[in-house]
Every structure is written in C-alpha cells, then in structure tokens.
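Have a look at the structure below before the remarks.
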Amino acid sequence: MDSLYLLIPIALLFCVVAIKLLLWAISSGQYDDLDKEAWRILAEDEAATSSHAGDKETASQASKKT
Amino acid sequence: MYPASDLQILDESRTCYHCGEPIPHGVDLSVTMGGAARPMCCPGCRAVASLIAESGLENFYRQRTVYNERPLQPEPTAVEQYRVYDDPQLAATFTTTDDNGLVNASLLLGGISCAACTWLIEQSMAGLPGVTRALVNLQQARLDIQFDPEQRQLSDIFARLERLGYRPRPFQTSIARQQSAAEYRTDLRRLAVAGLGMMQVGMFAIALHAGDIQGIDARYQALLRWVSLPVAAFVVFYSARPFFTSAWRHLKKGSLVMDLPVALAIGLAFLASAWATISGTGQVYFDSVVMFTFLLLLARFLERRVRQRQLFTWLDAESSLPSAVVVRRDDQWISVARIALRAGETIMVKAGETVPVDAQICKGDSAVKEDTFSGEPLPRSVAAGDTIYAGTVNVEAALQARVLGDYRDSRLAALQRSVDVAQTSKPRLAKLADRMASWFVGRLLLVTGATALVWLQLAPEKAFWITLSVLVVSCPCALALATPAALTSAASALRSRGVIVRGENALESLWGCTHLLFDKTGTLTQGNLAIAQVHPLGNIDRPALLALAAALQHYSSHPVAKAFSSIQAASGFDEVTYQVGAGLEGRCARTLYRMGSAQYCRELVPDFPAIPDDHFYWIGLCRDGAALAWIGLDDSIRPEAGAVINSAMRMGLQVELLTGDSSSQGPLLARALGIETVNCGQTPQQKMAHVQQLQESGAVVAVVGDGLNDAPVLGIADASFAVAGATDLARSQADFVIVGGDLHKIIESVLKARHCRLVVRQNFAWALVYNLCAIPLAAMGFVQPWAAAIGMSLSSLLVVANSLRLNR
C-alpha cells in the first residue's frame, strides 16, 4: 500500500498535464464552435452513405422534427 | 370590413421545402431534388434551392435541423452591389494579405440557422476555383475565407453567398463581440478545470467514504485528504470565483442573490475541510465542494449557450443600409462605398433600392415605403424638394438626391440611439431564484445559529462539526440549479419549434406577463397590399373588373401590383405604359384603359367620381369615356391573427394594438379582431412612454413587433417578440425571435413559459423539502460526509430530470 505515496502524486501530475492541455486547447480556439464539430462528426458519415435511397425520406423527416 | 373571400387564403398543408413557410394560394413553384418536386413559396426560395441542387449539395436539406431563412429579396441582387468590396481601401478594413499573396477575409453571415449551413457554405466555397480555405464558425456566424486574388474577387464571394440565401457583410470586430468571445472561453476554462478536478477529488473521495464505512488506516486517510486539498483549492479559487465575486458585489449593494448561499456553502465547506485536513480532525467535504461547483457552472454554461447562439447575426440599424451607392462625380455615375459619401453630393437611388442616407430629392418623382419608420403600410409620394430617409425603400422610379449628412446625422441613427436608451431603462424584474435566495439565507442562518447554541450546551466539542454539517447538507445545489436547468430546457424546446430565446430573463418575464401589445403593420397584417373592396361605377361585374385591373397591373412593379398577381388577367392588352406617380395606361380591343389616381383618370373621364369615403388605398379604373370602378386596397391580416388574439384573451392577457399608422385602419382592424384598446399614430417615443406607463401601474408587458420603429419599444418591454421578416434592429432588441411567420408561436411561447414557471416551482418545492428533511437530521448529528454527497447529487439529479420534461 505504500506505493500509493508514489502513485497518487503521479496521478495528480497527469491531472495537471491534462488541465494544461485543455486550457491550451480552449485558448487556441479549438472549442469555440461546439455545435458545428458535434454535428460534423456525424454528418460526414451520413453524406457517405446517403446513396441508400431508402433512408432519404426518413432522414429528412426526422431532421425537420428535431 | 374584412370579408374572408378577400383575404389571402393559405393552404396550410403545403409548406415551402426551403424556408418552411406556408405557400400562398396561387403560387406554383418547385425545384426537383432527389427525384421529387419540392414545393417552394417564392422565387427567392426557388433560386436558392435550385442553386443548392445544381451544385450537388442537396444533402444539405437532409442534414439541416432548422428551416432556412426566407431570402429577403424575391430575386437575389446582382454582383454589382458588392463590387465596392473589390476596392482595396474598403477591403483592407476586413481582409489581410499573407506572404504568398493570398487574401484572408472575415465575413459575417446573416441567416445561418444550424450546423448544416456551415457544411453547405464550406462545401460550396471550397468548390470555387481560387478559394484555398473556407471555414465557418457557427457560434459567431463568421466565415473565414482564404483565396487567390488573381483568380477570384471578393465581390464574387459575396454574391455567391447571397445566392445561397445568406446575407454576407464584412465582419467588423466590435468590443461587445470580443468581450462575448472572451467570456465564453473563460467560462469554458472554469468548467473544464472544475470537471477534471471533480473527477480527481471524486476518486479520492470514494476511497475516503469507503474508509469511513469499512475503516481506514489513519495515515492513508491523511494522505487522501492531503492530496484532495490542493485540487479542491484550485477548483474553488479558479472555477468558483464568479460565485464569490457576484455574491460580494450584490451584498455590498444590500441585495441577497442566489450566489450568496452558493458562495457560503462552497467557501465554508472548503475552509472547514481544509482545517480538518490540517488539524487531522473532523470530516472533509472536498467532493461535495467540487461537484457542486461543477454542476452549477455546467448549468449556467448551458443556459448561456442556448441564448447566445446567433447573438451577433443581427446587427444595428446601419447594417441594413446598402454598402454601395451610385454617386455623381466628375460628371459620371460611379459606384462608391456608402461610408465614402460626403454631404452635398448627388446620389442615385433606383426603384426597389434602400435609401442609403438622409437626402433631399433634386430630380424625380417616386414613392418611398416608410413602414419600418412610421408603421404606415402605404408608400409616401415624394417629389423634388422632399427629404427621403436612410433605411426606407424607394418603390416607384429612380430618384436623384442630394446627400444631407452621414449616417450619424440620419433619422435612422437617432432611432438606433433611442433603442440604446430604451435598453438601459428596461425594468429588471427580480428573479424568482434571487427572491428565493434571500428568503432561504435568512432562515438557514437562523437554523445554523440555533444548532450551534444547542450543541454548545449539550456537547461543546461536537458543536463546530455538527453546525458545519448543517451548512454543508443544506447546500443549495438543487435550489441554485432549479431555474437555470428549467430555463435552458424550455429555451431549447422553443428553439426546436422555431422560437429563438435571447433575453436573459425573457422566460421569467413572459410567464408573469399581463399585457400583450401588438404592432399592426407587418405583425398582425402581412405588410403587403391586398384587394379589400371593389366599387363598380359602371355595369361591369366585379370579377371582370378585377381581371381588367390585373391585366394592366401585370406590367407594373409598384407594390400595388402584387395585390393583383394572383388574379387571372383579362387578355388582349397591349401598349401598356407606366406613368410615375400617376398610374397605368393600356389598350384592349382599341379602347384606351387607365388605372391610377383620381386625377389621372379624370384626364380621360372628366366626371370620374370622388374617392369613396373609406380609408383604403383607392385606385381608379376607367376606359375611354366611362368610369369603371374604384378598387380599395388594404394591408391584409395574417390569417392566424384572429385565432391568436382570441387565445391570448382566453389566457387572461390584456391585448392592445399599438400602431404608428394614423389612418382609421387601426381601429377597423382592432374591431375585426376583437381588440378593445387601440393606440394609433404613435411615434416610437410615444410607444415607449405608453409601455412605461403600463409598467408603472404594475403591468408586465410583452410586445410583438417587426419594424425599425418598434425597436425602442421592444427594447423597453419586459418581454418582446420579433416576427418573421422583422428588421435586424427589431430582432436584435427582441427577447424572442420567431423564425417562421406563424403568430401562434407567441401563444406557444407564453404557454411554455407558464409551464416553465410550474417546473421551476416544483424544483424549488423539492429542493426545500429535501432541505427540510436533511437539516434536522444534520442538526441532530446523524449525517456523515458520504450521506451529504449522495443527498446532494440525488436532489440535483431530480431537479435536472424534472426540468428536462420541458424539452418535450
């Protein structure tokens, strides 16, 4: 159990690095547009498979309702 | 007065595939997409949709989540308008040129509604030769584009964007915009730190809580407490700072706000836990502290984000003016940037264009549509010597006018200034949460004091820790979450129904609203002329008269002509000519027909009778030797207006009509719709004064409007709506923007706001019940830190789950 004295500070160090990275990412503007990126990750997928004609109508109806 | 047969009847089952608005009767437009004909409501929508379809980007329609905005002009204007941006001097204000000779430009886009728009714009721009990079920021409605000036001109890009149905403008960094972007990042940083901190401290806390139950070695307990301390400290000092500053700022002013119990709970629980860690006694609540901070920051972040989207797509009044102006310089008509105009120069305003500056006419006769200023639906006839104002639309013929001054001196700028004044004098209703807070803080301090006193008598050594556990257990997490969670949920529900909620306390003001004030032109009416009455003067019947009139009007571009566009025209007319300020003349079967003002008809038929004694916009129709008819035109009521006003009254709202139109149309319309209180001929200042007077007598006033002249009153009202087609200035002042044209959304919003009030009250009731149960237990010394943490999370979850019901 004495290993905790080493492991926990190491975990904290990781936490500090993670916070640093996140703050850097926010400052560099990577999180300025949350909506677009959240949408795009799904959209590219659908654009690739949209040749399946059967899905078209349901997809357009669903998008209008939301 | 308003026979149903004369109203424009809408076929509710057909809506435009592009903008989602109902398609007017008689319009038969469509675009073939994905193998099916998609109905369109106007040529503008059709032009945009066919461009999208032709570019192979029709996927956009499947991807989007919100309908597009209806393009303002029926046909997109030519590239010419944007040529001025090719001028290096003007372009330099929003572009930069890099070392490779590529130009980087930032454009602000009006009309962006959802993430799919960003895809559409990026795809369509990237497909243009010469464009190297196109990136849209949805939050700021900004397009950053990089292109090779050798291959592509800035004006092409502007025109292309307009053809896609967006309204491009140079992106000018303003202080407000920079501030908002900076605040957004700061909020996100605080939230991120609180989230990561919560995970760390939570991990340690589980070990500590397990240790409390199963037993733990004192040195490991001390270790876990000591590592939790710096993380929690960072979260409290970095992330929770806004709670402390806000509580302190309000306390100095003597007001108790929700941030005060929040700051007290966070501060005291943290200090006590830190003391327990250092002294090795008592209990620690680090996990509760950071979790509380994170949940509250998250709720506030989400609430603000729902409201702030599209905050800057609607700008001030100046942005509605054309950027390019045709001016006479060196005996030539040249196009220059509007801001480069100087007083005394002569400008040319063509028919259909917006007047760019206040100016005095030196040549030409025409009419200007000033409905956004005055609420008058009919154009005002102007001639040499008259003044025309920036922001009005020249409808009949080209005018030459002498510039009177720059934008700052214009009537439009004066209106903008009164809007800014209205905003600062808007009454702030006390937030329900803050009233709750002041009630709660007082009671809590009493209970805590009593607990401390009792335990000092019974067992002084336990008194401190038990008193502290009362404070921590009473942690007002659920109480503080109650409103933001409900407001966020209601706002996103309204958004998906086509109402954008922008005002900070808009929903709270709306649920208590007592008066609902409507503007007339463009709000209750459609802002277009329609045929209201026909007075036959000869023996020709009504349908035949209208067919004759329609045949003549077919050749005109005056707004009057629109009223006749859906009528089957009589055949056989030719040699139709248009006389500015008078009317139309044409031949059919060798007979001369005239249609227009009384004077114009009398030239042909000297004994043409006088205008009937009604307050319509009358047009005479005659043929060689015989008077035929007076046709009365009028602004047609929106088909749903009556039903909406009825529902509003049934909901117990006082409905009033507030209009700038001074004709008798106001009272007539009010009578037709069942509105009792009518105020006609009101200037923007009088409208403001009226609302203020109502507010002073204790009313909570909601206003519905659309024009520039409504902007000040929208700014001062407790809650305000801007309807479809509203000017940017009106939208930027409104708390609620209705995206489609449906007035029913007003009722829907009021109902949603009232439902929101119910949910907020339920949330408060639950939070108080939780506290009423937990505080006595804590005061008796039964509550352990792990129980406090579980109780807090569960009560908060319940509040959030209850609020999510609003999202349906």
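The values are calculated or read from the model by the stated rules, or taken from the named source; none is laboratory data. Here the structure is a predicted model, which means the values were calculated and not measured. Here the Cβ is made from the backbone with ideal geometry for all residues, glycine too, and neighbour counts use every protein chain on show. Each accessible area value is taken on the protein alone, full model and side chains, heavy atoms only, with ligands, DNA and RNA left out. Shrake-Rupley method; radii C 1.70, N 1.55, O 1.52, S 1.80 Å.
Worth a mention:
- Looking only at residues in segment B:57-66 that are modelled with pLDDT of 75 or more and not in a helix (DSSP H, G or I), the one that is most open to solvent (accessible area, probe 1.4 Å) is B:Glu58.
- Only one of B:Tyr600, B:Tyr593 that is without any contact (Cβ under 8 Å) to a residue 60 or more places away in the chain and assigned to a strand (DSSP E or B): B:Tyr593
A quick yes/no check of all residues on (1) within 30 Å of B:Cys16 (Cβ to Cβ); (2) modelled with pLDDT under 50; (3) at the interface with another protein chain (Cβ under 10 Å from one of its Cβ atoms); (4) open to solvent by less than 50 Å² (accessible area, probe 1.4 Å):
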site	(1), (2), (3), (4)
A:Ala11	no, no, yes, yes
A:Val17	no, no, no, no
A:Ala38	yes, no, yes, no
A:Ala43	yes, no, yes, yes
A:Glu46	yes, yes, yes, no
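- Any hit, segment B:585-596, residues being buried (at least 16 other Cβ atoms within 10 Å of the Cβ) and either out of contact with any Phe, Trp or Tyr (no Cβ under 8 Å at 6 or more places or on another chain) or among the polar types (S, T, N, Q) (or both): yes
- Listed conditions (1) open to solvent by 60 Å² or more (accessible area, probe 1.4 Å); (2) over 23 Å from B:Thr354 (Cα atoms); (3) in contact (Cβ under 8 Å) with a residue 12 or more places away in the chain are all met by B:Asn100, apart from (3).
- Residue that is least open to solvent (accessible area, probe 1.4 Å), among those in segment B:162-187 that are more than 10 Å from chain A (Cβ to nearest Cβ) and β-branched (Val, Ile, Thr): B:Thr173
- For segment B:452-476, taking the residues that are hydrophobic (A, V, I, L, M, F, W, C) and touching a Leu at 6+ places or on another chain (Cβ under 6 Å), the one that is least open to solvent (accessible area, probe 1.4 Å) is identified as B:Ala463.
- For segment B:754-767, the condition holds for no residue, the condition being that it is part of a helix (DSSP H, G or I), at pLDDT below 80 and among the polar types (S, T, N, Q).
- Taking residues in segment B:137-149 that are more than 9 Å from every other protein chain (Cβ to nearest Cβ), and partners anywhere that are part of a loop (DSSP other than H, G, I, E, B), the pairs with Cβ atoms closer than 6 Å and at least 6 places apart or on different chains are B:Ala141/B:Ile112; B:Ala141/B:Thr313; B:Arg142/B:Phe171; B:Gln146/B:Leu102; B:Phe147/B:Gly130; B:Asp148/B:Leu102; B:Asp148/B:Gly130.
- Within segment B:188-217, tally of residues that are more than 9 Å from chain A (Cβ to nearest Cβ), within 44 Å of the chain's Cα centre (by Cα) and either open to solvent by 40 Å² or more (accessible area, probe 1.4 Å) or at pLDDT below 90 (or both): 2
- Only one entry in B:Ala222, B:Ala159 is farther than 22 Å from A:Lys36 by Cα, more than 12 Å from every other protein chain (Cβ to nearest Cβ) and out of contact with any strand residue (DSSP E or B) (no Cβ under 7 Å at 6 or more places or on another chain), namely B:Ala159.
Residues are listed down the side, and each one gets a yes or a no for (1) closer than 26 Å to B:Trp275 by Cβ; (2) in a helix (DSSP H, G or I); (3) touching a Gly at 6+ places or on another chain (Cβ under 6 Å):
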position	(1), (2), (3)
B:Ala452	yes, yes, no
B:Gln457	yes, yes, no
B:Ile466	yes, yes, yes
B:Val470	yes, yes, no
B:Ala478	no, yes, no
B:Leu487	no, yes, no
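- Some residue of segment B:660-674 being more than 23 Å from the chain's Cα centre (by Cα), without any contact (Cβ under 8 Å) to a residue 60 or more places away in the chain and surrounded by 18 or more Cβ atoms within 10 Å (Cβ to Cβ): yes
- Among (1) in contact with a Leu (Cβ under 7 Å, 6 or more places away or on another chain); (2) free of Cβ contacts under 8 Å to residues at least 12 places away in the same chain; (3) over 22 Å from A:Ile19 (Cβ atoms), the one test that B:Ala126 misses: (1)
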